[in-house]
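Derivation of every value follows stated rules applied to the coordinates shown; laboratory data play no part. Keep in mind it's a predicted model, so treat the numbers as computed, not measured. Neighbour counts are summed over all protein chains in view; Cβ atoms, including those assigned to glycine, are modelled from backbone coordinates with ideal geometry.
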Amino acid sequence: MGIVEDFLTPEEEEQIVETIRGSEKRTSGEIRVHIENNCKIGCLDRAKEVFNYLGMDKTKDRNGVLFYVSVQSHMFAVIGDSGINEKVPKNFWDSVKDRVQEEFAKGNFCDGLVLGIIEAGQKLSEYFPYHHSDENQLSNEISKS
């Protein structure tokens, strides 16, 4: 197994996917997690590349959120699309990132992502509440490269 595959157990991955599903039941927003080995450019720049590669910039309300983790580089970012960024307080993503990193520092990678996803989902539901006609526009599965 590689570094990316060893970062989370299969059970932890399923817990994260279930947390995404639960969060998205209260919002039209889309949440994704992407994990990769190395980040060869700035973390935020790479997160933006992945965001676009995953088609997160194509959601109807521009309300996607990406949790990006570079395992070997020890880098983490959380970014939102323009629709949600226009609504949340300026320091919102920093507070989510800090919460996740507190858990990461303890080696609690799954717990950190779960807490961050819940916090992001709560904020998404405030500004983009779920409507019965909403469709899941993006996969909830963790992407890896």
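Specify the angular offset, from 0 to 90 degrees and rounded to the nearest 10, of the alpha carbon long axis of helix 10-24 from the longest principal axis of the alpha carbons in the chain.
Between helix and principal axis, roughly 20 degrees.
What is the gain in length, in nm to one decimal, between Tyr127 and Asn85 on full extension, counting 0.36 nm per residue of separation less the C-alpha to C-alpha distance?
Net length gain for the segment: 14.1 nm.
With just the Cα atoms defining each centre, how far is region 86-143 from region 2-16? Give it in Å.
18 Å
Which ³J(HN,Hα) values in Hz, rounded to whole numbers, follow from the phi angles of region 105-113 under the Karplus curve 6.51 cos²θ - 1.76 cosθ + 1.60, where θ = phi - 60° and Gly and Pro get x?
For region 105-113, the Karplus-derived couplings read 4, 8, x, 9, 5, 4, 4, x, 5 Hz, x marking Gly and Pro.
Could you grab the Rg to Rh ratio for the chain? Cα atoms only, Kirkwood for Rh.
With Rh from the inverse mean 1/r over Cα pairs, Rg/Rh is 0.93.
Could I have the simple spin-label model distance between Lys60 and Gln15, label points 7 Å from Cα toward Cβ, reported in nm to one decimal?
Result for the modelled spin labels: 3.3 nm.
When a footprinting reagent is the concern and you count Cβ atoms within 10 Å, what order do Arg32, Arg21, Arg99 take, fewest first?
Sorted ascending by nearby Cβ count, the order is Arg21, Arg99, Arg32.
Helix-only estimate, please: 222 nm mean residue ellipticity of the chain, summing -39500 (n - 2.57) across DSSP H runs of length 4 or more and dividing by its residues, to the nearest 500.
Only helices count here, giving -14500 deg cm²/dmol.
At a Cα cut-off below 17 Å, give the lysines reachable from Lys25, other chains included and same-chain residues fewer than 8 away excluded.
Lys60, Lys123
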